[in-house]
1. Among the residues of segment 218-256, which ones are more than 9 Å from ligand 1 (Cβ to nearest atom), more than 21 Å from GLN27 (Cβ to Cβ) and outside any loop (DSSP other than H, G, I, E, B)?
2. Would you mind listing the strands (runs of 3 or more DSSP E) fully within segment 22-79 where at least 2 residues are open to solvent by 50 Å² or more (accessible area, probe 1.4 Å)?
3. Only one of (1) within 30 Å of ALA428 (Cα to Cα); (2) touching a residue at least 24 places away in the same chain (Cβ under 8 Å) is not met by LYS260, so which one is it?
4. If a residue counts only when it is open to solvent by 30 Å² or more (accessible area, probe 1.4 Å), in contact (Cβ under 8 Å) with a residue 40 or more places away in the chain and closer than 18 Å to GLY300 by Cα, which helices (runs of 4 or more DSSP H) contained entirely in segment 383-466 have at least 1 such residues?
5. Restricting to segment 347-382, what's the tally of residues that are open to solvent by less than 10 Å² (accessible area, probe 1.4 Å), within 17 Å of ALA335 (Cβ to Cβ) and of a type in the set (Gly, Ala, Ser)?
6. With respect to the numbered conditions (1) away from ligand 1 (no atom under 16 Å from the Cβ); (2) surrounded by 24 or more Cβ atoms within 10 Å (Cβ to Cβ), which one is the sole condition not fulfilled by VAL170?
7. Answer with yes or no whether ARG84 is open to solvent by less than 40 Å² (accessible area, probe 1.4 Å) and more than 27 Å from TYR233 (Cα to Cα).
Amino acid sequence: MNRKAIMPNDNSTLLPSVRSFLSSPRQMLIDGEWVDAKDGRTFATVNPSTEEVLVDVAQGSAFDVDRAVAAARAAFEEPSPWSRMTPRERSHLLWRIGDLIEAHADEFAQLEALDNGKRVTAARDGDVAVAAELFRYFAGWATKMEGTTIPMSVPGRAFHAYTRREPVGVVAAIVPWNFPLLMACFKIVPAITAGNTVVLKPAEQTPLSALRLGELLLEAGLPAGVVNVVPGYGDTGAALVEHPGVDKVAFTGSTEVGKKIAAAASGNLKKVSLELGGKAPNIVFADADLDAAVAGAVLGGYFNEGQCCVNGSRLYVQRAVFEQVVEGVAAAARAIKVGDGFDASSDMGPLVSQEQHEKVLSYIRGAVDQGAVLNAGSADAARERGYFVTPTLITSVTEAMAVQTDEIFGPVVTAVPFDTEDEVVAAANNTVYGLAAGVWSRDLGTAHRVGARLRAGTVWLNTWHADDVTLPRGGFKQSGWGRELGSFGLDDYTELKTVIAELR
Ligand code: NAI
Ligand code: MG
């Protein structure tokens, strides 16, 4: 790691606000105050395009987690300002935060590009825009969390029975690095919409946008302690998951850590929601609009440098059009220009970290060693410096190969031919994951029938990555527990109370 230069290639493009944010170590947010770790520890966050240190960040220990949970608890319990806030006040506050994020969109986009590596434009038009929209969408729900009145049948007596949706309490939000701001907002927004309080642990690779968001939350008037931000590694997350003062854990990340969290949360039976890994099958039938299918396979395979849990990493193509589709995807992959996220001519940035870089390249190397063919891409680093990987398309794979079974989380797609619907449905479902899947066919019957047969939380028909904050998402099988966003997205952040009154 080079500690001298901290900026991207073209230093002059950085906003003054970003430069100033990176000019001194970043503290953590506890109870509305910016503080150092109790033991003074920090960790460095790195620009994956240049491998240079951006800034040092306070590293939360179990002691800091304890302080943050205490602050979140105090902010939750009556008579705190937060517990007294009306739904309408919460709604207005959420909307205000959305406006503030939008007003700082360029700044967030630069921070995200520096910390994660993704392109500035992708961050601004994707991550940041959707984050702002999330606050606005849920601002509408704050005043609409209704219950029901339910009839009872007790002869000779009269009752009024109804339900209330109440917050769960203190939510530990543990998020990954692929969409740092957005994943933080996926948890924070529904949590506070429902009146919970939060301790957020951003990913160790990408803590910056969450810390900047913390500043804006205070600026918008969110009471102290409602959202606390404690950066750190997995041990900081583990301290949160084990803490008896936490009522619920909301996690996005690897299936491996998801399983650990499910076990560790059992001490006080925390509610747990998990959005975990994926290995989405993308099925192209011979009767599909092949231009659209190729474009969808490219977007589905390589979006966000391949670091997206719903990417279509397993392409299945009906034999009659296999070569045509493979050539189309390979040509598009070869045309993708890999480069610094601040370079406007780049189509794809680096992977987030050295660890991911090594992991992804070793999967490609392993496939080649086992006799697979690279129709595009390479098992070598795409550049001498930075964690760049060339978009890769692999054929001649078997279902048993690691590239076909494991979530790689890089710009790597495998393509496999198939003959019949039954055969491809069986292959597509032959995975421990069940997050997303897709079908391309001009035949409505085929598309909907196969869509129904695929075991996945999201199914795209003749499209990929079409999305909205109104749509629930989550996983079947080992891709997780619960659903995020849409009208279902509040369920995991509320307890349902049944009230029964006798009318005497
Ligand atoms: P990870 O699951 O280890 O990290 C995600 C978050 O969990 C981070 O904030 C991390 O600090 C925290 N964490 C780690 N261990 C923990 C523990 N024992 N208790 C509580 N929190 C803990 O994922 P990692 O190591 O960054 O990436 C490894 C692989 O996971 C990737 O290659 C990819 O396959 C998958 N992944 C999936 C994501 C998704 O969106 N579903 C996102 C990120 C990674
Ligand atoms: Mg990990």
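The values are calculated or read from the model by the stated rules, or taken from the named source; none is laboratory data. Quantities reported herein were computed from a predicted structural model and do not represent experimental measurements. Note that we place each Cβ from the backbone using ideal geometry, even for glycine, and neighbour counts take in every protein chain shown. All accessible areas refer to the heavy atoms of the entire protein, side chains included, with ligands and DNA or RNA removed. Shrake-Rupley method; radii C 1.70, N 1.55, O 1.52, S 1.80 Å.
1. LYS248, ALA250
2. Fully inside segment 22-79 and qualifying: 33-35.
3. Failing condition for LYS260: (2).
4. Details: elements: 402-405, 421-428, 444-453.
Here the list reads 402-405.
5. So the answer is 2.
6. The number of the failed condition is (1).
7. On the way: open to solvent by less than 40 Å² (accessible area, probe 1.4 Å): no; more than 27 Å from TYR233 (Cα to Cα): yes.
No.
Rundown of residues vs (1) away from ligand 2 (no atom under 16 Å from the Cβ); (2) at pLDDT below 95; (3) crowded, with 24+ Cβ neighbours inside 10 Å, yes/no style:
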{"position": "ILE188", "(1), (2), (3)": "yes, no, yes"}
{"position": "PRO207", "(1), (2), (3)": "no, no, yes"}
{"position": "ARG212", "(1), (2), (3)": "yes, no, no"}
{"position": "VAL227", "(1), (2), (3)": "yes, no, yes"}
{"position": "PHE251", "(1), (2), (3)": "no, no, yes"}
{"position": "THR255", "(1), (2), (3)": "no, no, no"}
